[in-house]
Amino acid sequence: MEDTCARAVAYGLPSVAFTEHLEGARWVIPHDRRTDFGDLAAMIDRHGVLAPPVFDVSGYLAAVDRCRDRFIELRIFSGIEVGEPHRHVPQVDAILEGGGFDRILGSLHSIVIDGEERIVDEVFADASRSDEDIEALMLRYLGDLRVMVGQDDRFEVLAHVDYPVRRLIERSPSFDLMTYRSPYMEVLEALAASSRVLEYNTTIPMSGVIMEWWYEVGGRAVSVGSDAHEPGRVGRGFSKAESVLTSIGFRSSGDPNGFLIR
């Protein structure tokens with residue numbers, strides 16, 4: 001975290017937010033896919049279940065405080081990215097009640113198949129699935145995302161709504177996002193109606209088309225984040241993001257640490 005702050009200062013950023021993951025899912029990983037998970041493979045038990053460790057809230061907040069003491073020129077936001085908050089209500093409530101986080105993101109990393117939670121990366125990268133199966137799974141994912149936005153109001157920012165799209169583009173260069181315009185618009189309309197914020201992730205840039213849809217439905221703001229899981233990625237792609245978003249109609253709020261607004 002300190003290396004990340006040092007990188008942010010060197011890059012000239014006014015602030016950084018550490019949105020630590022909170023995952024309640026117990027992902028079922030097929031045996032032939034386990035090597036795809038790198039260091040996380042060590043967390044997969046003999047039954048093929050990847051269970052993320054318990055989030056150490058006090059340790060995390062202490063690390064944030066150390067960074068604040070050392071980098072007084074940098075605004076450092078505490079934060080959390082909650083995976084599937086609508087499925088893990090008691091666990092999420094317990095963390096949020098005592099955390100006092102500055103930024104709370106909501107995300108959907110899993111899809112339920114035959115009663116089992118499966119991580120999106122693994123499901124949509126499975127070359128053995130037919131195109132029809134993939135399309136049905138994508139519609140299921142977007143349907144669950146719509147449910148999450150409608151049922152859970154504890155997060156302010158909806159993160160990477162294009163999460164499975166990344167894998168679909170890898171799967172087929174001819175992938176057409178317009179195929180899913182209608183279910184995406186339902187998600188975005190519900191988010192806009194709740195006056196919340198949509199994230200623009202610059203590590204794997206989201207299609208400008210989705211941001212155009214967000215503007216079309218009246219989305220009030222965009223949070224630009226590099227989703228930097230390592231210090232060298234901090235701030236990557238920010239200039240391009242600003243160009244894309246201002247061309248659509250979003251602009252600076254005047255607060256260098258704030259969201260882009262319409």
For region 29-58, name all the residues that are open to solvent by 60 Å² or more (accessible area, probe 1.4 Å) and either part of a loop (DSSP other than H, G, I, E, B) or touching a residue at least 40 places away in the same chain (Cβ under 8 Å) (or both). Asp36, Arg46, His47, Pro53, Val54, Asp56
Criterion first (open to solvent by 80 Å² or more (accessible area, probe 1.4 Å), acidic (Asp, Glu) and more than 16 Å from the chain's Cα centre (by Cα)) does Glu242 satisfy it? yes
Filtered residues of region 167-223 (kept if assigned to a loop (DSSP other than H, G, I, E, B), at pLDDT 95 or above and open to solvent by less than 70 Å² (accessible area, probe 1.4 Å)): Ser194, Ser195, Arg196, Val217, Gly218, Gly219
Go through region 179-225 and give me each residue that's without any contact (Cβ under 8 Å) to a residue 60 or more places away in the chain and small (Gly, Ala, Ser). Ser182, Ala190, Ala192, Ala193, Ser194, Ser195, Ser207, Gly208, Gly218, Gly219, Ala221
In region 59-83, how many residues are part of a helix (DSSP H, G or I) and either closer than 11 Å to Glu20 by Cβ or under 21 Å from the mean Cα position of the chain (by Cα) (or both)? 5
Out of region 103-149, which residues are buried (at least 18 other Cβ atoms within 10 Å of the Cβ) and of a type in the set (Gly, Ala, Ser)? Gly106, Ser107, Ser110
Restricting attention to region 245-258, the residues that are within 20 Å of the chain's Cα centre (by Cα) and of a type outside the set (A, V, I, L, M, F, W, C) number exactly 2
Looking at Ser243, is it more than 24 Å from Thr19 (Cα to Cα) and part of a helix (DSSP H, G or I)? yes
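The values are calculated or read from the model by the stated rules, or taken from the named source; none is laboratory data. All figures in this text were calculated on a predicted structure; none of them were measured in a lab. All Cβ positions, glycine included, derive from the backbone under ideal geometry; neighbour counts span all protein chains shown. For the accessible areas, the whole protein counts, side chains as well, though only heavy atoms, and no ligand, DNA or RNA atoms are used. Shrake-Rupley method; radii C 1.70, N 1.55, O 1.52, S 1.80 Å.
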